[in-house]
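The values are calculated or read from the model by the stated rules, or taken from the named source; none is laboratory data. Because the structure is predicted, anything quoted here is derived from the model rather than measured. All Cβ positions, even for glycine, are placed from backbone atoms using ideal geometry, and neighbour counts span all protein chains on display.
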Amino acid sequence: PRNMELKAFDPHRKEFSCMYEVDHVPPVDPEAEAWFQEGMRVTGRDLQPNQRNCPLAVELWQKAADKQHWKAILNLAGLLIRGDGIAPYQVEDDQERAVLLIEKGMQLGIPSAFDMMGNFHQSGAGVKADASRAYAFWELAADKGSPGAQTFLGKSLKAAYDNPQGGFWGNRKIGLQMLECAFAQGYGEAALELGVNLGNTDKDYARALKILHEGVKMGCEDCANFLSSSFDNIDPLTDNFIDTARSERYHVLGDAPYHNPDLKFPNLDKVLPLPPAKLPVWNGKKEDLINAAKGVVLPPKKLPPHPSTSRHEPR
């Protein structure tokens, strides 16, 4: 698959059919999901860098990958392609193993595996650097439903003119369709690109505001920070009305995903509705606002320590 025959990237394509990644990934085995979540927990951003147990995550994600857990395949490949961790929990890079994992993901039909193979070709990590093949892989990934690829290409295609050296082209119609597709999949970065573009270019401030607000629900840190700034300044996006109370709440919610990239805020409207709705009372405690916005989420069950790996001592 790394050397598969590819259709050349066409930045001036006339059509795009929106596909969702969730419809094209293998079913998730419950035991593999538990291993995947435990790997996420032991490498979480809420831990100090020297406490993130990357070797244990590698072992857990490999076990999950062996059961075709698609997110484990992607996470493990992403860790191995560059290496990660601080002694005693350091993992050296293993680029060939990473590429083999992504090839397995491609064979399983995982759209984001094709996206990651494009990244490898762009950077020359584990494969020969080839920008043309990188864009061809990204386009294939977008067509298969990868929201990351759809967002990257959507951003690249929505320019007013072509500049291949600058990495952008003037095909705004298709670019926006790709961004809309990724946004519909709940991809926060697409919400940012789509919302900002609709506001700045189309002056469709009402829809732009709603999309950015939805992006906050998706856990988009930049969407929250963008709205925090907009409500704190004279900005047509927010009807040129300064609302420092809303700005502060968006700011609090913008900080939270840094420590937990998987954080979502499905109950956002209960604590931070869009105008003209009035803001409910808040006691000023950041944690209370965050918990109310994310709702009640039961933590994943903790697995017993693997017999061959200690969480406190290197193997």
Given (1) assigned to a helix (DSSP H, G or I); (2) more than 24 Å from Pro236 (Cα to Cα), identify the lone condition not met by Gly186.
(1)
A careful count of residues in the stretch 122-138 that are surrounded by fewer than 24 Cβ atoms within 10 Å (Cβ to Cβ), assigned to a helix (DSSP H, G or I) and of a type outside the set (Ser, Thr, Tyr) gives 5
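Residues that are at pLDDT 95 or above and surrounded by fewer than 16 Cβ atoms within 10 Å (Cβ to Cβ), at least 1 per element: which helices (runs of 4 or more DSSP H) completely within the stretch 5-93 meet that?
On the way: elements: 30-41, 54-66, 70-80.
Fully inside the stretch 5-93 and qualifying: 30-41, 54-66.
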Examine the stretch 155-167 for a residue that is in contact with a Phe, Trp or Tyr (Cβ under 6 Å, 6 or more places away or on another chain), surrounded by fewer than 18 Cβ atoms within 10 Å (Cβ to Cβ) and of a type in the set (Gly, Ala, Ser), and state whether such a residue exists.
yes
Any idea how many residues of the stretch 29-56 are touching a Lys or Arg at 6+ places or on another chain (Cβ under 8 Å) and over 12 Å from Gly85 (Cα atoms)?
8
Out of all the residues in the stretch 259-276, which are surrounded by 20 or more Cβ atoms within 10 Å (Cβ to Cβ) and within 22 Å of the chain's Cα centre (by Cα)?
Phe265, Leu268
Among the numbered conditions (1) surrounded by fewer than 18 Cβ atoms within 10 Å (Cβ to Cβ); (2) over 21 Å from Arg172 (Cβ atoms), tell me where Ala224 comes up short.
(1)
Filter result for the condition that a residue is loosely packed, with under 15 Cβ neighbours inside 10 Å and part of a helix (DSSP H, G or I), over Ala245, Ala256
Ala245
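Can you find a residue in the stretch 156-164 that is assigned to a helix (DSSP H, G or I), of a type outside the set (Asp, Glu), out of contact with any Lys or Arg (no Cβ under 9 Å at 6 or more places or on another chain) and at pLDDT 95 or above?
In the first step, residues of the stretch 156-164 are kept if they are assigned to a helix (DSSP H, G or I); the result is 156-157, 164.
Then drop every residue that is not of a type outside the set (Asp, Glu), which leaves 156-157, 164.
Those still in the list that are out of contact with any Lys or Arg (no Cβ under 9 Å at 6 or more places or on another chain) too: 156, 164.
Retained after the next criterion (residues that are at pLDDT 95 or above): 156.
There is at least one residue in the stretch 156-164 that is assigned to a helix (DSSP H, G or I), of a type outside the set (Asp, Glu), out of contact with any Lys or Arg (no Cβ under 9 Å at 6 or more places or on another chain) and at pLDDT 95 or above.
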Please list, ordered by first then second residue, the pairs with beta carbon atoms under 8 Å, 6 or more apart or interchain, first in the stretch 184-202 and farther than 16 Å from Ser230 by Cβ, second surrounded by fewer than 22 Cβ atoms within 10 Å (Cβ to Cβ) and of a type in the set (Val, Ile, Thr).
Gln185/Val22
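Is there a residue being at positive phi, modelled with pLDDT of 95 or more and surrounded by fewer than 21 Cβ atoms within 10 Å (Cβ to Cβ) anywhere in the stretch 100-109?
yes
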